[in-house]
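Okay, so here's the structure we're looking at.
The values are calculated or read from the model by the stated rules, or taken from the named source; none is laboratory data. A quick note: this is a predicted structure, and the numbers were derived from the prediction, not measured. Every residue, glycine as well, gets a Cβ built from its backbone with ideal geometry; the counts of neighbours run over all protein chains shown.
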């Protein structure tokens with residue numbers, strides 16, 4: 001007799017650990033999957049450890065068959081996303097699902113049906129996915145670039161998942177791109193002239209952040225970010241509780257010379273955050289800091305060396321975005337950080353993204369720097 005497939009809610013701390021453990025088995029043979037630190041992965045789905053839950057709620061589900069866990073999914077609702085204009089992707093009635101893993105397509109279909117039923121029960125009329133779990137964390141399904149590992153805070157997935165999602169009547173809502181840039185050569189002459197012109201402009205100051213004033217610097221960046229990104233597709237404002245939790249997680253890999261704030265006439269108007277690729281350090285740990293992983297990671301954090309640095313976030317305030325100064329500030333910050341990344345961290349490669357595929361300004365900057373698309377992610381949607 002065929003073994004019965006059951007879908008059940010995650011209710012206990014043990015269930016959450018089982019939820020986190022599943023990908024370690026499913027991706028055991030995939031050399032390009034980077035095992036997350038289990039403590040960090042657990043924190044993502046634990047309300048007390050993730051500030052996103054201050055304005056959101058979620059239900060996790062496990063699929064079991066013959067006494068084995070064979071799949072998982074999350075369904076979630078972000079109350080701030082419900083307040084956004086519908087033209088920007090979210091809006092009233094839009095829920096999300098994510099953290100999806102499954103051994104087979106029939107398992108995925110059963111999980112998705114359960115997640116959709118939960119969303120409908122909460123009054124949602126449209127679903128976006130995969131989003132794991134905030135748009136600021138790991139949005140989208142990898143559909144191009146399976147042949148190399150993701151950088152820090154980017155996702156990986158099985159190639160089969162794309163067909164499974166599209167067979168479930170989901171259509172692409174948005175493409176997210178990452179660009180790989182060789183940072184060793186000098187940037188093209190045009191870019192160098194733009195940078196030099198900015199350096200000769202006494203109104204412009206590009207400064208490093210001061211990690212000793214972490215909270216103050218984070219507040220400056222948050223204010224610019226929420227202004228700069230507010231018209232973008234998928235935008236949901238970051239809140240102080242989220243920033244506090246992200247700060248705890250990322251502070252060990254925040255380095256003054258890799259994060260810059262641009263000021264014009266003394267006013268902070270742009271920023272760029274760059275992180276050494278922590279995935280290069282944690283990949284061999286298989287998700288565990290004990291017994292010796294913590295010591296290896298601590299040594300790396302004291303003097304990090306990384307082949308790749310990633311730019312997860314940058315922005316320019318809206319009132320400058322259509323000006324020539326916007327790209328000038330961006331190129332200046334990118335070049336200053338490029339030099340620091342090479343000199344102090346041994347980097348040879350940069351990754352910019354994710355970038356919305358219709359963000360013409362950022363796409364133009366990446367292409368001017370001779371960047372090439374190395375990974376593509378897609379967010380899907382359908383009416384419930």
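Could you list, in sequence order, all residues of region 334-355 that are surrounded by fewer than 17 Cβ atoms within 10 Å (Cβ to Cβ) and touching a residue at least 40 places away in the same chain (Cβ under 8 Å)?
342, 344, 346, 348 - these are the residues of region 334-355 that are surrounded by fewer than 17 Cβ atoms within 10 Å (Cβ to Cβ) and touching a residue at least 40 places away in the same chain (Cβ under 8 Å).
Which one of 197, 202 is out of contact with any strand residue (DSSP E or B) (no Cβ under 8 Å at 6 or more places or on another chain), part of a loop (DSSP other than H, G, I, E, B) and over 22 Å from residue 355 (Cβ atoms)?
202
Please give the number of the condition residue 346 fails out of (1) touching a strand residue (DSSP E or B) at 6+ places or on another chain (Cβ under 8 Å); (2) at pLDDT 95 or above.
If we test residue 346 against (1) touching a strand residue (DSSP E or B) at 6+ places or on another chain (Cβ under 8 Å); (2) at pLDDT 95 or above, just (1) comes out false.
Can you tell me which residues in region 220-241 are under 22 Å from residue 354 (Cα atoms) and part of a helix (DSSP H, G or I)?
Selection gives 220, 221, 222, 223, 224, 225, 226, 227, 228.
Name the pairs: first residue in region 362-384 and outside the structural domain of residue 331 (by TED's automatic domain parsing), second residue surrounded by fewer than 16 Cβ atoms within 10 Å (Cβ to Cβ) and not in a strand (DSSP E or B), Cβ to Cβ under 7 Å, at least 6 apart or on different chains?
382/169; 383/125; 384/120; 384/125
Looking at 180, 263, 242, which is the one that is modelled with pLDDT of 90 or more and crowded, with 17+ Cβ neighbours inside 10 Å?
After ruling out the rest, the residue left standing is 180.
Quick one: in region 270-288, which of the residues that are in contact with a helix residue (DSSP H, G or I) (Cβ under 6 Å, 6 or more places away or on another chain) and outside any helix (DSSP H, G or I) is farthest from residue 218 (Cα to Cα)?
Ranking the candidates gives 287 first.
Please give the helices (runs of 4 or more DSSP H) falling wholly within region 1-117 in which 1 or more residues are in contact with a helix residue (DSSP H, G or I) (Cβ under 8 Å, 6 or more places away or on another chain).
In region 1-117, 13-26, 38-44 are the helices (runs of 4 or more DSSP H) which contain 1 or more residues that are in contact with a helix residue (DSSP H, G or I) (Cβ under 8 Å, 6 or more places away or on another chain).
For region 1-38, give me each residue that is surrounded by 15 or more Cβ atoms within 10 Å (Cβ to Cβ) and over 19 Å from residue 58 (Cβ atoms).
Of everything in region 1-38, those that are surrounded by 15 or more Cβ atoms within 10 Å (Cβ to Cβ) and over 19 Å from residue 58 (Cβ atoms) turn out to be 5, 24, 26, 27, 33, 34, 35, 37.
Residue-wise test of (1) under 16 Å from residue 211 (Cβ atoms); (2) modelled with pLDDT of 85 or more.
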position	(1), (2)
248	yes, no
256	yes, yes
268	no, yes
293	no, no
296	no, no
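Is it fair to say residue 356 is within 27 Å of residue 158 (Cβ to Cβ) and touching a strand residue (DSSP E or B) at 6+ places or on another chain (Cβ under 9 Å)?
Yes.
From the list 133, 153, which residue is crowded, with 23+ Cβ neighbours inside 10 Å and over 22 Å from residue 167 (Cβ atoms)?
Criteria check complete, one pass: 133.
Collect the residues in region 307-333 that are touching a residue at least 60 places away in the same chain (Cβ under 8 Å), under 16 Å from residue 205 (Cβ atoms) and not in a loop (DSSP other than H, G, I, E, B), keeping them in residue-number order.
Selection gives 316, 325, 328, 329, 330, 331, 332, 333.
Scanning for something closer than 17 Å to residue 72 by Cα and outside any loop (DSSP other than H, G, I, E, B), does region 164-173 turn up at least one residue?
Yes, the conditions are met somewhere in region 164-173.
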